[in-house]
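The values are calculated or read from the model by the stated rules, or taken from the named source; none is laboratory data. For clarity, every value in this text was computed on a predicted model and none was experimentally measured. With ideal geometry, Cβ positions are generated from the backbone for all residues, glycine too; neighbour counts draw on all protein chains shown. Note: accessible area is taken over every heavy atom of the protein model, side chains too, but ligands, DNA and RNA are not part of it. Shrake-Rupley method; radii C 1.70, N 1.55, O 1.52, S 1.80 Å.
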2 protein chains.
Amino acid sequence: MKNLLLASTSSLYGTDYLEYLLPELKLHFKNCKTILFIPYARPSGISHEEYTKKVALAFAKINIAVKGIHEYKNPALAIQNAEGIFTGGGNTFLLVKQLYHDKIMTTLKETLEKGTPYLGTSAGSNIAGLTMQTTNDMPIVYPPSFQTLGLIPFNLNVHFLDTDPQSTHMGESRETRINEFHQFNNFPVLGLKEGSWLEIKEGKIILKGNLSAKLFRQNRIPIGVAPGSELSFIK
Amino acid sequence: MKNLLLASTSSLYGTDYLEYLLPELKLHFKNCKTILFIPYARPSGISHEEYTKKVALAFAKINIAVKGIHEYKNPALAIQNAEGIFTGGGNTFLLVKQLYHDKIMTTLKETLEKGTPYLGTSAGSNIAGLTMQTTNDMPIVYPPSFQTLGLIPFNLNVHFLDTDPQSTHMGESRETRINEFHQFNNFPVLGLKEGSWLEIKEGKIILKGNLSAKLFRQNRIPIGVAPGSELSFIK
């Protein structure tokens, strides 16, 4: 049974890295002494080593050790043997390219389907969707495919922002972009605001945090989803 | 000799489609009775026919007729025979995929290098760069390559926005994204604000409009570029 936390963002404005999630993470990873960290999304180009150090500092607060997947010779085996797994945010194109390069997309999917507890933030949550096609990131590298883990039957749009009716900027709003996605793809997209996360446990998908989410489906009017909602109806 | 206008946006807030550019376009396309329109970027999923109608309405104001490339059996021949060419905005992934599908990326490049007057707006300007990797668009379809026309020796970031120091949003700023691009790519990126365009004529690249642009280069501090500047120093 899948056991996932998929957060829109790692940090809220003005708070420490992962701080707002630590009470949840303490429960989520309660059976883990060490978790495996996948640093491949490399926000601002930070190295795998530096990113892993930053994550280790945050997890030290709840007495969990962190090892980076780049420290292992066999990354597939590292995933299969992990007590828990965390994929951090950054650039989704870079993350997906590296997962394919390491040939671990399928291993990660199968391992998480068996129940290894997982945390994703931002790009690390994007990859739990069917594809990475609703990322906000720049295509700074070319991955061999946009297909991702498919651990949930829809896509996420993280760091979701409602359209600002006062904006005079002529670039596309988030909503316009997702509507364009639905001209060519028929699966749903959940806009997940910063401070929200999905908890996938015991066959249920629950929207956590204090904010509503926005659900976009092809040829349907988008709807708001209240915090605490069960989302298994999204297909 | 290349003869290009590359605009950040087709429209300014509160004005009609292409309105702010019409005086320029009248000069730029002065020898054209008809121009060829490439509608492939399809903003909000608009059809090729509807998009071409919209463009024809704008160009009618300066007595230029518009034909869509989708109306031709042989799109390569349509490009080679065009008096002038305009590629409109929308989704850059979609535009690039369709240009590769039609096998016209090279034809378009060669034709524009010979001097056929060209207008690009937004996605239509992105493709003039070396690659489409600094687009702001969502990867709603998977193109076979991110390489584009390379008519200028750098990339563009259109609809460019300076970082808002007041923002509490934790998604990456435009500047952060471009810096991430430069972790993996070494060519320059010009952030082109709405209302700015590049004029490439007689071997010169001039920044037009009333606003400054921002130049990002690998391992260098970004610099502002004043309107009217000649940009051939960017390599």
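What to note about this one:
- Hull volume in cubic angstrom per residue (convex hull over the Cα atoms of segment A:44-128): 94
- At q = 0.14, 0.17, 0.19 Å⁻¹ the log10 of I(q)/I(0) for segment A:155-217 amounts to -0.46, -0.65, -0.78, computed by Debye summation with a single uniform scatterer per C-alpha, solvent ignored.
- Trypsin sites (Lys or Arg not before Pro) within segment A:15-104, DSSP loop, no more than 16 other Cβ atoms inside 10 Å: A:LYS30, A:LYS33, A:LYS61, A:LYS73, A:LYS103
- 3J(HN,Hα) couplings calculated from phi for segment B:131-141 with the Karplus curve 6.51 cos²θ - 1.76 cosθ + 1.60 (θ = phi - 60°) are, in sequence order, 9, 8, 6, 10, 5, 9, 7, 7, x, 6, 9 Hz; Gly and Pro show x.
- Net +/- balance of residues flanking B:ASN74 in space, Cβ distance below 12 Å, scoring K and R +1, D and E -1: 0
- Gained length - B:HIS101 relative to B:PHE233, 0.36 nm times residue gap less alpha-carbon distance: 44.1 nm
- In summary, the protein assembly as shown shows an alpha-carbon radius of gyration equal to 1.02 times the 2.2 N^0.38 Å reference for compact globular proteins.
- Residue-count net charge about B:GLU83 - beta-carbon cut-off 12 Å; Lys, Arg +1, Asp, Glu -1: +3
- DSSP bridge orientation in segment A:4-225 - percent antiparallel, rounded to nearest 5: 50
- Derived from the Cα gyration tensor, the three semi-axes of the equivalent ellipsoid of segment B:37-81 are 17, 16, 7 Å, largest first.
- A:ASN186/B:ILE206 FRET efficiency (R0 60 Å; Cβ-Cβ; nearest 0.05): 0.85
- Computed label-point distance, nm, for sites A:HIS169 and B:LYS53 using a 7 Å Cα→Cβ extension: 3.1
- Checking every one of the GluC sites (Glu not before Pro) in segment B:180-235 against DSSP loop status and a limit of 12 other Cβ atoms within 10 Å picks out B:GLU202.
- Rounded D (µm²/s) - segment A:66-113, Kirkwood Rh over Cα pairs, Stokes-Einstein at 25 °C, 0.890 mPa s: 219
- Translational D in µm²/s for segment A:4-225 (Stokes-Einstein at 10 °C, 1.306 mPa s, Kirkwood Rh from C-alpha pairs): 90
- Angle in degrees between helix B:48-60 and the longest Cα principal axis of chain B, rounded to the nearest 10: 90
- Among beta bridges identified by DSSP and lying wholly in the protein assembly as shown, the antiparallel ones come to about 50 percent.
- Summed side-chain charge close to B:THR52 - residues other than B:THR52 whose Cβ falls under 15 Å, Lys, Arg +1, Asp, Glu -1: +1
- Distances in nm from B:LEU27 to the matching label points in the other copies, shortest first (labels 7 Å along Cα to Cβ): 6.6
- For chain B, the longest principal axis of the alpha carbon atoms and the long axis of helix B:174-184 meet at an angle near 90°.
- Antiparallel bridge percentage (DSSP; both residues within segment A:105-233; nearest 5): 80
- Residues considered: A:ILE205, A:ILE223, A:ILE64. Largest GNM mean-square fluctuation over chain A, using C-alpha springs under 10 Å, is found at A:ILE223.
- The three principal axes of the Cα atoms in segment B:1-86 give end-to-end lengths of 37, 33, 22 Å, sorted in falling order.
- Fully extended contour minus Cα-Cα distance, from B:LYS30 to B:ASP162, at 0.36 nm per residue: 44.0 nm
- Buried surface between chains B and A: roughly 3800 Å² of accessible area, summed over both sides, computed with a 1.4 Å probe on protein heavy atoms only.
- The other copies place their B:THR106 label points at 3.5 nm from this one, listed shortest first, where each point is 7 Å from Cα along Cα→Cβ.
- A point 7 Å from Cα along Cα→Cβ stands in for B:SER47, and the other copies hold the same point at 5.7 nm, listed in rising order.
- Of A:GLY191, A:VAL55, B:HIS70, farthest towards positive along the dipole that unit charges on Lys, Arg, Asp, Glu beta carbons give the protein assembly as shown: B:HIS70
- Along each principal axis, Cα extent of segment B:88-203, largest first, Å: 46, 34, 26
- Residue of chain A nearest the A-to-B rotation axis [by Cβ], rounded angstrom distance: A:PRO139, 3
- Apportionment of accessible area to carbon and sulfur, segment B:16-94, percent (1.4 Å): 52
- At full extension, B:LYS73 and B:ALA60 could sit 2.2 nm farther apart than now, given 0.36 nm per residue minus the alpha carbon distance.
- Positive-end residue, segment B:1-89 charge dipole about Cα centroid, Cβ charges, pick of B:SER11, B:PHE86, B:GLY45: B:PHE86
- Assigned charges on the beta-carbon of Lys, Arg, Asp, Glu; segment B:4-225 dipole about Cα centre (debye): 440
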